1. Let me confirm something: among Leu46, Leu95, Leu59, which residue is part of a helix (DSSP H, G or I) and either near the ligand (Cβ under 9 Å from one of its atoms) or within 14 Å of the chain's Cα centre (by Cα) (or both)?
2. Within segment 1-40, can you find the residues that are over 18 Å from Val98 (Cβ atoms) and small (Gly, Ala, Ser)?
3. Looking at this structure, is Asn2 polar (S, T, N, Q) and not in a loop (DSSP other than H, G, I, E, B)?
Amino acid sequence: MNTNLSADVVVVGAGICGALAAESLAKSGASVLMLEAGPKLTTAELVHNFRQTPFKSDLVAPYPYTPQAPTPTFSPEANNYLEQTGPLAFGAQYLKLVGGTSWHWAAQTWRFCPTTFA
Ligand SMILES: Cc1cc2nc3c(=O)[nH]c(=O)nc-3n(C[C@H](O)[C@H](O)[C@H](O)COP(=O)(O)OP(=O)(O)OC[C@H]3O[C@@H](n4cnc5c(N)ncnc54)[C@H](O)[C@@H]3O)c2cc1C
């Protein structure tokens, strides 16, 4: 790996926000370096993982856990990544890999609900 890199801007995290920022900066002429903690996986690898996992209703199950980029996991049991002190545990999930949490975006794009303006 080349460890002698330089750029005008370093974006930490290759999720959707990092990607949008990097694209905008690059288009304005800056050189941009993106650093990502997690692995880079292909769609084929993730589809294969989904087919193999017995935990189909767990949206993070297809994404391999990597110790250098830890995340909350719930199957086969919770890894207690999140410190929860209330009576109702919140099963919050996110991903650490190239592409970030956009990999299991659930296609909900709530816009202009009546309660938005209440
Ligand atoms: C199950 C689920 C379903 C969802 N469905 C929807 C939906 O239907 N509609 C909707 O609008 N939103 C949805 N969301 C939310 C949406 O996916 C996220 O809000 C969005 O993807 C977050 O993008 P982000 O770039 O802010 O963060 P992330 O995607 O979390 O990206 C951050 C990146 O930074 C990396 N990183 C973190 N720390 C470091 C470090 N120290 N060094 C290097 N890299 C680092 C991480 O590995 C990750 O890749 C869903 C979320 C989940 C969990």
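1. On the way: Leu95 fails: part of a helix (DSSP H, G or I); Leu59 fails: part of a helix (DSSP H, G or I).
One residue alone meets the criteria, Leu46.
2. The answer is Ser6, Ser24, Ser28, Gly29, Ala30, Ser31.
3. Values: polar (S, T, N, Q): yes; not in a loop (DSSP other than H, G, I, E, B): no.
So Asn2 does not fit the description; no.
Conditions (1) near the ligand (Cβ under 6 Å from one of its atoms); (2) closer than 21 Å to Leu46 by Cα, marked per residue:
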site: Ala89; (1), (2): no, no
site: Gly100; (1), (2): yes, yes
site: Trp103; (1), (2): no, yes
site: Ala106; (1), (2): yes, yes
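Each value in this text was obtained by applying a stated rule to the coordinates, not by laboratory testing. As the structure is a computational prediction, the values presented were derived from the model and not from experiment. Quick reminder, even Gly has a Cβ in these numbers, built from the backbone with ideal geometry, and neighbours come from all protein chains shown.
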